[in-house]
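Notes follow the structure.
Just so you know, all these numbers are worked out from the coordinates, no wet-lab data involved. Please read these numbers as outputs of a predicted model, since none were measured by experiment. Don't worry about glycine lacking a Cβ; one is built from the backbone with ideal geometry, like all the others, and counts go over all protein chains shown.
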Amino acid sequence: MKPDISIIVSNYNYGRYLDGALSSILHQTYKNWECIVVDDGSSDDSVDIIKKFVKKDKRFQLIQQEHAGVCVARNKGLDLAQGEYIAFLDADDCYTDYALEMLMHLAQTTGADMVGGAANNVPETFKFMPTDKLVWHAGLNAVQKNPAAMLIVPHAHRWCWVWRRIYKRSLIGDVRFNEDFTTFGDDLTFMLDLCWRANVVAETQNAVVYHRVHNQAVTGSKFDEHYFDWFPTYFRYIHDNLLDKYNSRFWGIFYRASFSYMLVEAVFKPKQLNKYQQEGKQVVVQACKFIPRRYLTLKQRILCRFLACLK
């Protein structure tokens, strides 16, 4: 029997968290799933931990690759997935016991193409503890027919996280993560590539993921010289692949907000902190070459044109 849900876990040297993540999958109240764990060339004890779960339960499978990044790992999982629905879980996070059961219930009762839940931030020392006494209520928060609106900053930062929802396999189709990303941006472009295809998106305020906050997590990445690197890749991908997917009104709001956000993050923040100013300037110059100026305000157009001409 084919699984209803394929859970894709990408792991790189997260052995200290991995037991909790996989245990939270093993103890799901919804049972018809498969879990594809793609180890991205770990040098710690991750593979041994994964093998322990594979031996314990045939629903787990281990895929090993040389270190190539989370996007490559997720794409490999997508290529192998057999479920009607797809879910992603980061190796340093954990599901709530009822996460898949609740998300599947909402998907089936609303007909949504993707269903998202809330994330509870937990400290690095968090330990997953299964329980059989949880009672959940669907708690439908919203059914959205224009989900892409949530991808306009500042909403996008949290709304785009792919690991807090399930997706119809038919919605994803041949969409894959952009493997050029190494820090931020991959979730955003993936969601932009899905939202124009989606008819209905459902959200619940109930927590489905315990999201571990620590310095090595992408969502908690420190401010360094690589903090801005995703901007050029992000704007170039949108320019080359997505401009014809949404109307001019959407892109006008999107680009005006995104351009302002980029200036704050890559120009004003480095200036305020007096560090990485040159690195920030360089990525802004590169990014401006891929921003259609017709969607910007007049002042933004002038500034974008000026920046794009710099070396």
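Key figures
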| item | result |
| --- | --- |
| Which of Ser10, Ser248 has the fewest Cβ neighbours within 10 Å, and the rest in rising order | Ser248, Ser10 |
| Cα gyration tensor, the range 248-290 - rounded (a/c under 1.5), prolate or oblate | oblate |
| Size of electric dipole in the chain: Cβ of Lys, Arg +1 and of Asp, Glu -1, about Cα centre, debye, nearest 20 | 1240 |
| Qualifying GluC sites (Glu not before Pro) in the range 23-93, DSSP loop, other Cβ atoms within 10 Å at most 11 | Glu66 |
| Per-residue Cβ neighbour rank within 10 angstrom, fewest leading, Phe223, Phe126 | Phe223, Phe126 |
| Relative contact order %, the chain, counting alpha carbon pairs below 8 Å whose residues are six or more apart | 18 |
| DSSP-defined antiparallel bridges as percent of all bridges, the chain, nearest 5 | 30 |
| Long-range Cα-Cα pairs in the range 230-308 (distance over 23 Å), rounded percent | 17 |
| Net charge of Cβ neighbours under 11 Å - reference Asp79; Lys, Arg +1; Asp, Glu -1 | +2 |
| Selected from Ala21, Ala198, Ala68 as most flexible by GNM, with the chain as the system and alpha-carbon contacts under 10 Å | Ala68 |
| Net charge, Arg212 excluded, C-beta distance under 9 Å - Lys, Arg +1, Asp, Glu -1 | -4 |
| Neighbour-count ranking [beta-carbon atoms within 10 angstrom, fewest first] of Val208, Val47 | Val47, Val208 |
| Cβ-defined net charge surrounding Glu66, 15 Å radius [Lys, Arg +1; Asp, Glu -1] | -2 |
| Of Lys245/Lys299; Lys52/Lys168; Lys31/Lys168, pairs whose Cα-Cα distance is over 22 Å | Lys245/Lys299; Lys52/Lys168 |
